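Engineer: Below you will find the structure I want to go over with you.
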Amino acid sequence: MLRITDLTFRYTRKSPVVLDNISLSLKDGEIGVLLGKNGSGKTTLFKTVLGFEKPEAGQIDFNGKDLLKMNRRERAEQIAYVPQDIQFGDLTVFDTVLLGRLPYFGLKASKEDEEIALKTLKEMGLEELAMRNTAELSGGERQKVAIARALAQEPKLLVFDEPTGNLDIANEQLILKEILRGTKEKGIGVLTSLHDLNEALSIGDVFFFIKDGKIRYYGDSSIVTELVIKDTFDADVSIIEYKGKKLIVNGGL
Ligand code: ADP
């Protein structure tokens, strides 16, 4: 269980508050989706959870342990991150995924690390790309490799920042499927931002609507309403039912 309590953050002492007394919790194996306008503080929240930024106040516990007191390595055994702008070194796909094991090995990967990397590649259907350089991959393939690297880390929580941001619709579907498959089976929790509200509804268990650095609404899909979307995004939408599920249609045009 991830539990964030009264988290407040600003980038410098004189700059405005970006996270304003945020509290949220996410149970093991749950997919939590953070929804909010650009600049509302989603990435900043991820960065504090990952220890890249230090909050001014508040607590972040993961399974009863204080995440803010963990060192990088201890945290990496618990949480993996797939950022928006994925950076790979000049490495093969296999070596890139093996790097996910870095928190567990010292100077050299063990046989077990290599086996886990290979197993993860196989599970994601990336075997054929194993010896290719990551620089030669398409956007969808890069995203898959980044997810494979994160899964090879065997985290208990995966944090994704806009995992489908620059992908075409086929790759979008593929990546969402991979996220579901790679995490639900293993009981790994997911905290993600998604700009597409229908994608969010299709994979999310809980939703956190963030505005001006505050969580304004949270809960299961029943809280996703036209009013909540209007208040959060200042956008007019209609919600209809399609095949027994909520479907959000752009009502502003
Ligand atoms: P989101 O991910 O929701 O688009 P961000 O967390 O990236 O939002 O940004 C929240 C706010 O913090 C914005 O006003 C943004 O300009 C500001 N911000 C983001 N990164 C920095 C930084 N490194 N230094 C100063 N301000 C930043």
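Engineer: Please count how many residues of the stretch 24-59 are surrounded by fewer than 14 Cβ atoms within 10 Å (Cβ to Cβ) and within 27 Å of Ala235 (Cα to Cα).
Structural biologist: Adding up the residues that qualify gives 2.
Engineer: If I go through the stretch 75-105 residue by residue, how many of them are under 16 Å from Leu191 (Cβ atoms), small (Gly, Ala, Ser) and surrounded by fewer than 21 Cβ atoms within 10 Å (Cβ to Cβ)?
Structural biologist: Just the residues of the stretch 75-105 that are under 16 Å from Leu191 (Cβ atoms), to begin with: 75-76, 78-84.
From the residues that got through so far, the ones that are small (Gly, Ala, Ser) too are 76, 80.
Filter once more, keeping what is surrounded by fewer than 21 Cβ atoms within 10 Å (Cβ to Cβ): 76.
Going through the stretch 75-105 one residue at a time, the tally reaches 1.
Engineer: Considering only residues that are open to solvent by less than 70 Å² (accessible area, probe 1.4 Å) and among the hydroxyl-bearing types (Ser, Thr, Tyr), which ones fall in the stretch 1-23?
Structural biologist: Of everything in the stretch 1-23, those that are open to solvent by less than 70 Å² (accessible area, probe 1.4 Å) and among the hydroxyl-bearing types (Ser, Thr, Tyr) turn out to be Thr5, Thr8, Ser15, Ser23.
Engineer: Hey, another quick one. Among the residues in the stretch 107-124, are any open to solvent by 20 Å² or more (accessible area, probe 1.4 Å), over 21 Å from the mean Cα position of the chain (by Cα) and not assigned by TED's automatic domain parsing to the domain that holds Glu141?
Structural biologist: So far as the stretch 107-124 goes, no, none of its residues is open to solvent by 20 Å² or more (accessible area, probe 1.4 Å), over 21 Å from the mean Cα position of the chain (by Cα) and not assigned by TED's automatic domain parsing to the domain that holds Glu141.
Engineer: Taking strands (runs of 3 or more DSSP E) that fall entirely within the stretch 11-65, which contain at least 2 residues that are within 10 Å of the ligand (Cβ to nearest atom) and assigned by TED's automatic domain parsing to the domain that holds Arg216? Even if it seems obvious, please write down each step before you answer.
Structural biologist: Details: elements: 17-26, 31-35, 57-62.
Ranges flagged: 17-26, 31-35.
Engineer: Can I ask one more? Any residue at all in the stretch 85-99 that's in a strand (DSSP E or B) and either more than 16 Å from the ligand (Cβ to nearest atom) or of a type in the set (Asp, Glu) (or both)?
Structural biologist: Our first condition is that a residue be in a strand (DSSP E or B); within the stretch 85-99, this holds for 92.
Imposing the further condition that a residue be either more than 16 Å from the ligand (Cβ to nearest atom) or of a type in the set (Asp, Glu) (or both) reduces the set to 92.
Yes, the conditions are met somewhere in the stretch 85-99.
Engineer: Next question. What is the residue count in the stretch 122-134 for residues that are at pLDDT 95 or above and hydrophobic (A, V, I, L, M, F, W, C)?
Structural biologist: Looking only at that region, the number is 3.
The values are calculated or read from the model by the stated rules, or taken from the named source; none is laboratory data. Every value quoted in this text rests on a predicted model; they were computed, and no experiment measured them. Cβ coordinates were reconstructed from backbone atoms using ideal geometry, including for glycine residues, and neighbour counts include every protein chain displayed. Heavy atoms of the whole protein, side chains included, go into the accessibility calculation; ligands, DNA and RNA do not. Shrake-Rupley method; radii C 1.70, N 1.55, O 1.52, S 1.80 Å.
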